[in-house]
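K.L.:
The structure is given below, and queries will be raised subsequently.
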Amino acid sequence: MKLKRKIAPGSGARVSGLETGAGTNLFGNTVNRRTFLRNSGITAGGAAIAVAGGPGLLSKVHAAESADNRPKADLDTVKVRSVCTHCSVGCGVIAEVQNGVWTGQEPDYDSPINLGSHCAKGASVREHGHGERRLKNPMKKVNGKWEEMSWDDAVAEIGDKMLDIRNESGPDSVYWLGSAKFNNEQSYLFRKFAALWGTNNVDHQARICHSTTVAGVANTWGYGAMTNSYNDMHNSKAMFFIGSNAAEAHPVAMQHILRAKENGSKLIVVDPRFTRTAAHADQFVQMRPGSDVGVIWGLLWHVFENGWEDEEFIQQRVYGMDQIKEEVAKWNPEEVERVTGVPEATMKLAAQTMAENRPGTIVWCMGGTQHTIGNNNTRAYCAMQLALGNMGVQGGGANIFRGHDNVQGATDMCILSHSLPGYFGLSAGAWKHWSAVWDLEFDWVKNRFDPEAYEEVKGKPVSPMHRAGMPVSRWIDGVLEEKDNIAQKDNVRAMVLWGHAPNSQTRGPEMKEAMEKLDIMVVIDPYPTHSAVLPDRPDGVYLLPACTQFETYGSVTASNRSLQWRDKVIEPLGKSLPDHTIMYKFASKLGFGDELTKNIAVENDEPLIEDITREFNKGMWTIGYTGQSPERIKEHMANRHTFNTTTLKAEGGPVDGEYYGLPWPCWGTPEMKHPGTPVLYDTSKSVAEGGLNFRARFGVEREGVNLLAEGSFSAGAEIEDGYPEFSADILKNLGWWDDLTDDEKLLAEGKNWKTDRSGGIQRVAIAHGCAPFGNAKARAVVWTFPDPVPIHREPLYTSRYDLVADYPTYEDRKSHYRLPTRYGSIQATDYSGDFPLIHTSGRLVEYEGGGDESRSNPWLAELQQDMFVEINPADANDVGIKDEQMVWLESPEGSKIKVKTMVTNRVAKGVVFTPFHFGGHFQGEDLHDKYPSGAAPYVLGEATNTAMTYGYDSVTQMQETKCSLCKITAA
Amino acid sequence: MARMKFLCDAERCIECNGCVTACKNEHDIPWGVNRRRVITMGDGEPGEKSVSVACMHCTDAPCQAVCPVDCFYTTDDGIVLHDKNLCIGCGYCFYACPFGAPQYPGKEAGGSAFGARGKMDKCTFCAGGPEDDLTDAEYEKYGRNRIAEGALPLCAEMCSTKALIAGDGDMVADIYRERVLKRGGRPQNWGWDTAYKG
């Protein structure tokens, strides 16, 4: 292979940062050189000194911090353990600290998850601890200018306005948008905070990331999380990726994936783009965006046609596969090619590979979830694994890669508008359970909510306390929609964007309008974010500096359900504060600080993290977040090197036999010493040793058909068949009640395995070899969903209007999460003539999420300096545009973005791709000057979601970002 | 005696740029200087391959052969280093290097130690320079000296997929040979036939 300095045509924009090393065009086009020199203080030496004396946010103290963060020969170095804050892989970080300054980063070879490795983001996290572009002081906008203020003034001023709004419009008019960047303790505290304020208008990124996974998967077999682990993929014989670009989104996972491949596993990548992951695949299957159900049914068509399904597994452990077969029968090879674009031979090869190489695993990400039929897609993926008998085995499973570092934990803590921590839901029973854990009177909590009812369920009025709040994907409609159309007292009037990039949400122009209509907008974040610059408003905007997770401590849950503990690397920079401290300050101002921290010690306004862990340990019985005490998690961190890197099981040492990070469910109390569950639903092990079966969650029979497992049970179970979930009554019927201690009996009486706060019911069930949540079949048909059997429906903005007659979308809905939601009325118009290109979006390895943090890190920003659009050479030639040319990308809703082209065969003809990490430009306008001075990220660009259109999942309100339409013209 | 070498396993490299930012982080490299880069061949096409490239620390280094002020020297470990006090920043080594390793940062690179007076900067295999080991003076000009600390280059230590390997050439060869054996003539990657046709 010959190295070429100038690589293939069409890749210019991607490597512009790299190419410039040779001395040309040093700053690309995005960063104006003069601006750059004035504001940056690039790293050390002369430039940093220039910044200290120049304009900007930096006070002298901060400048001193940022000017000299290099290691010194004569200073002692302390090593601190943390975990990368970028993605859900959970890579260990070793920070070297001298005199409180983060001076170096070392590979964490002891971590069984990353074995020392990092991607571009992980290898650069030290920069966040210097944070040249960080927000350092609380600020507010006064007459269009940013002014610094004190924390006390900020909390008092914002709090007074919120209390006014509460009096006038009720608690639901303040929206609390939280974050997957919180650690578990902060996530839990935040959900509790919203509850005590009295609203379910609380949500976070999971809504727009894997909500359709959680809903679809939990409703199939019990829990909505990744079933196995990155490490367990070493055991896979086949790996089927659909809508996942791990090489860019989860790079360190690729270490395990490529290791599996070298062990002989086959790698299949299904994607509209030939991704960096596809470049390593044995087979690449290119599909039309939005046709996932057709692809999976197309694959299963060959499986059923050839009798490759696992009949014994289906008979024992699956309900409804016959109905799936009926639907699949319609997806013959001709129909599959017509709808998805995948030819018969390609589809058959993929099916055969999966059939002949078991166990096989499936991996999916946003490519599958972010659709109006996202919940259908995720259930189709599950059905494929159930048909092949790939569930509950090492090397198999649904390896759903989560996004943010703690999006799994924040989801488990239910910073979600439709549930309480541990997926308890919003029923009176759920509220009573948590009120008891909080040691608060249920009536006191109830009185915090608006008592009126705005919706009816089965003819009965139900108040907002028991109705799902608005999802983050729709908060803008909560502001803009006519008041009478919303199922709550008034519109959203105050918006708290706490650790959230608004450019990750669709419909940019309407978001701008919503931000301008709000009474107040509060941004709490280490960076100003796109929110600071998008709205044109002279006042009513506050920016409050939160610190990063390296400046605080606590537990974090990786995608594989393992909990890890971060130690504090450095003190918070500038006047930034840890999120939980800010929560306490606001709770105190708003009048419920004492209730929020009734069981939690508070020192200098900072609630004690370990006390928060212990509190959620006492309530999270549903998913087994009860055994992971702070002491146990810390002990695992200290003994990382004792865990096997494939099984994640400790071999010898102080935590012998336990699984790394006590992956949930870690049943019972910490004293019970459950080892965690490395592979969900794996019947080859006893429950006490981390084994499990499918959960009995949907009743015991349906229309005369048994929903419980038949002849399948976890090793050592004393009930050698299916059984329902455990309760006090069932223990009594089985004669196991007296196995409880007297203390346990007091709390367990009248309760079930989810609400018994003694943990006794779980302990006794497990002592008899049984799973506390019962032993049932998975259900391939979710009869409570709009489409019980997952079916294909064309996107609202479809490129194939000819298919709408056969595969129409849903009817419009009057109230879905309190809001009217449109489907058919949009699809009624054919836009594919004027907007001929499918617009899809995705990730770049250098950036994360909305990119405010990573674009503010010069080590990363240098590598991706331009927002761009990938376009096939044929499409480019059709509209007369060339590589690296500025173009307008316009949506059918009239929104448009001005971006640079990258002409490439990576995308098929008819499809264009944009990365979603850029912000700071809006419809052609550079908003650089609207940032607080010195706090603009190094790289700005158009937010792709400005031009992403309407469309929401029928179960979860997930936004459609993977399949819209656009047209492209020269700018 | 060890002879230090890098090897980038193109079957494993995913162009994540972890090596690039690890280097930036470890040596505080300013914007505009890249001691290490990832090059992708056939970007977006079947057979796409990426490799991470820096100074290869040649045994018979062409930079050393052509340098008019003889600022290069090879350490006992076979690492090719240079003396920034002698370097005149002429760029002749840039002509000679087959890998484009030498960098000539201008004023824009922040006027840092590396950019000062237009001198050449390149990968040191994390072995510093002629100044005394582990001194602030050495760090200022060349970055951290991990070799003196008993560690290997951070780019390789942090590589996300263990594609980039660094160390004693014999040991690197053993690791790579083992991988090739394990793959067992099984280059079934999509696009292999395109890349190796004929």
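K.L.:
For A:P873, are the conditions met, namely being within 28 Å of A:G478 (Cβ to Cβ) and either more than 28 Å from the chain's Cα centre (by Cα) or surrounded by 22 or more Cβ atoms within 10 Å (Cβ to Cβ) (or both)?
P.N.:
No; evaluated as a whole, the condition is false for this residue.
K.L.:
With (1) surrounded by 23 or more Cβ atoms within 10 Å (Cβ to Cβ); (2) of a type in the set (G, A, S); (3) in contact (Cβ under 8 Å) with a residue 60 or more places away in the chain as the list, and A:A767 as the residue in question, which single condition is left unmet?
P.N.:
(1)
K.L.:
Out of all the residues in segment A:81-90, is one or more more than 10 Å from every other protein chain (Cβ to nearest Cβ) and more than 30 Å from B:A163 (Cα to Cα)?
P.N.:
No, segment A:81-90 has no match at all.
K.L.:
Within the group A:L426, A:L420, which residue is at pLDDT 95 or above and either under 19 Å from the mean Cα position of the chain (by Cα) or crowded, with 24+ Cβ neighbours inside 10 Å (or both)?
P.N.:
Going through A:L426, A:L420 in turn, the sole match is A:L420.
K.L.:
Can you pull out every residue in segment A:848-882 that is in a loop (DSSP other than H, G, I, E, B) and either among the β-branched types (V, I, T) or away from chain B (no Cβ under 11 Å) (or both)?
P.N.:
Once the filter is applied, which keeps residues that are in a loop (DSSP other than H, G, I, E, B) and either among the β-branched types (V, I, T) or away from chain B (no Cβ under 11 Å) (or both), segment A:848-882 yields A:E848, A:G849, A:G850, A:G851, A:D852, A:E853, A:D866, A:M867, A:V879, A:G880, A:I881, A:K882.
K.L.:
Of the numbered conditions (1) within 10 Å of chain A (Cβ to nearest Cβ); (2) surrounded by fewer than 19 Cβ atoms within 10 Å (Cβ to Cβ), B:P102 fails exactly one; give the number of that condition.
P.N.:
(2)
K.L.:
Looking at segment B:1-26 only, could you name the residues that are surrounded by fewer than 24 Cβ atoms within 10 Å (Cβ to Cβ), at the interface with chain A (Cβ under 8 Å from one of its Cβ atoms) and among the acidic types (D, E)?
P.N.:
Residue satisfying the conditions is B:E11 alone.
K.L.:
So which residues in segment A:151-179 are more than 22 Å from A:K575 (Cα to Cα) and in a loop (DSSP other than H, G, I, E, B)?
P.N.:
Scanning segment A:151-179 gives a single hit, A:G170.
K.L.:
Which one is modelled with the lowest pLDDT, of the residues in segment B:157-182 that are basic (K, R) and either touching an Asp or Glu at 6+ places or on another chain (Cβ under 6 Å) or part of a loop (DSSP other than H, G, I, E, B) (or both)?
P.N.:
Checked segment B:157-182; the qualifying residue modelled with the lowest pLDDT is B:K182.
K.L.:
Given the condition buried (at least 20 other Cβ atoms within 10 Å of the Cβ) and either within 14 Å of chain B (Cβ to nearest Cβ) or assigned to a helix (DSSP H, G or I) (or both), answer yes or no: does some residue in segment A:137-150 qualify?
P.N.:
Looking for residues that are buried (at least 20 other Cβ atoms within 10 Å of the Cβ) and either within 14 Å of chain B (Cβ to nearest Cβ) or assigned to a helix (DSSP H, G or I) (or both), one finds none in segment A:137-150, hence no.
K.L.:
Could you name every one of the helices (runs of 4 or more DSSP H) located completely within segment A:317-365 that has at least 2 residues being of a type outside the set (D, E), over 19 Å from A:D787 (Cβ atoms) and touching a residue at least 40 places away in the same chain (Cβ under 8 Å)?
P.N.:
Once the helices (runs of 4 or more DSSP H) in segment A:317-365 are filtered for at least 2 residues that are of a type outside the set (D, E), over 19 Å from A:D787 (Cβ atoms) and touching a residue at least 40 places away in the same chain (Cβ under 8 Å), what remains is A:344-356.
K.L.:
Identify the residue in segment A:192-214 that is polar (S, T, N, Q) and assigned to a loop (DSSP other than H, G, I, E, B) and, among all such residues, is surrounded by the fewest Cβ atoms within 10 Å (Cβ to Cβ).
P.N.:
Out of the qualifying residues, it is A:T199.
K.L.:
A follow-up question, please. Please find, within segment B:26-80, the residue that is farthest from A:F274 (Cα to Cα) out of those that are touching a Lys or Arg at 6+ places or on another chain (Cβ under 9 Å) and in a strand (DSSP E or B).
P.N.:
B:V80
K.L.:
When the residues of segment A:231-270 are filtered to those that are charged (D, E, K, R) and within 12 Å of another protein chain (Cβ to nearest Cβ), which remaining residue is farthest from A:G374 (Cα to Cα)?
P.N.:
The selected residue is A:E262.
K.L.:
Right, here's the next one. Wholly within segment A:890-929, which strands (runs of 3 or more DSSP E) include no fewer than the required count, namely at least 2 residues that are within 14 Å of chain B (Cβ to nearest Cβ) and more than 18 Å from A:P289 (Cβ to Cβ)?
P.N.:
Qualifying strands (runs of 3 or more DSSP E): A:896-903.
K.L.:
Across segment B:27-41, what is the total count of residues that are buried (at least 20 other Cβ atoms within 10 Å of the Cβ) and within 7 Å of chain A (Cβ to nearest Cβ)?
P.N.:
The qualifying residues number 9.
K.L.:
Right, next: Given the residues B:N34, B:N85, which is the only one that is over 28 Å from A:V125 (Cβ atoms) and in contact (Cβ under 8 Å) with a residue 24 or more places away in the chain?
P.N.:
B:N85
K.L.:
Out of curiosity, is A:A748 crowded, with 21+ Cβ neighbours inside 10 Å and free of Cβ contacts under 8 Å to residues at least 24 places away in the same chain?
P.N.:
yes
K.L.:
Considering every residue within segment A:537-557, establish whether at least one is part of a loop (DSSP other than H, G, I, E, B) and aliphatic (A, V, I, L, M).
P.N.:
no
K.L.:
Kindly establish whether A:N184 is more than 23 Å from A:I296 (Cβ to Cβ), of a type outside the set (D, E, K, R) and without any contact (Cβ under 8 Å) to a residue 12 or more places away in the chain.
P.N.:
Against the criterion (more than 23 Å from A:I296 (Cβ to Cβ), of a type outside the set (D, E, K, R) and without any contact (Cβ under 8 Å) to a residue 12 or more places away in the chain), A:N184 does not qualify.
K.L.:
Let me ask you something else. For segment B:7-18, does any single residue satisfy the condition of being in a helix (DSSP H, G or I), under 19 Å from A:I257 (Cβ atoms) and not polar (S, T, N, Q)?
P.N.:
yes
K.L.:
Kindly provide the set of residues from segment A:830-842 that are free of Cβ contacts under 8 Å to residues at least 40 places away in the same chain and out of contact with any helix residue (DSSP H, G or I) (no Cβ under 8 Å at 6 or more places or on another chain), ordered by number.
P.N.:
A:G833
K.L.:
If you scan segment B:1-38, which residues turn out to be basic (K, R) and farther than 16 Å from B:A101 by Cα?
P.N.:
If the condition is that a residue be basic (K, R) and farther than 16 Å from B:A101 by Cα, then B:R3, B:R12 are the ones that fit.
K.L.:
Would you check which residues across segment A:595-633 are in contact with a Phe, Trp or Tyr (Cβ under 8 Å, 6 or more places away or on another chain) and farther than 28 Å from A:I761 by Cβ and list them?
P.N.:
Within segment A:595-633, A:E595, A:L596, A:T597, A:V602, A:D605, A:E606, A:P607, A:I609 meet the criteria.
K.L.:
Has segment A:549-557 got any residue that is surrounded by fewer than 24 Cβ atoms within 10 Å (Cβ to Cβ) and either over 21 Å from A:I94 (Cα atoms) or not aliphatic (A, V, I, L, M) (or both)?
P.N.:
yes
K.L.:
Additional query: Residue by residue through segment A:98-134, note down the ones that are assigned to a loop (DSSP other than H, G, I, E, B) and away from chain B (no Cβ under 11 Å).
P.N.:
A:N99, A:G100, A:D110, A:S111, A:P112, A:I113, A:G131, A:E132, A:R133, A:R134
Here's the yes/no breakdown for (1) more than 13 Å from chain A (Cβ to nearest Cβ); (2) at pLDDT 95 or above; (3) under 18 Å from the mean Cα position of the chain (by Cα); (4) surrounded by 22 or more Cβ atoms within 10 Å (Cβ to Cβ):
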position	(1), (2), (3), (4)
B:D70	yes, yes, no, no
B:Y73	yes, yes, yes, no
B:K107	no, no, no, no
B:C123	no, yes, yes, yes
B:A151	no, yes, yes, no
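The values are calculated or read from the model by the stated rules, or taken from the named source; none is laboratory data. In this text, all values refer to a predicted model and were calculated from it rather than measured experimentally. Cβ coordinates were reconstructed from backbone atoms using ideal geometry, including for glycine residues, and neighbour counts include every protein chain displayed.
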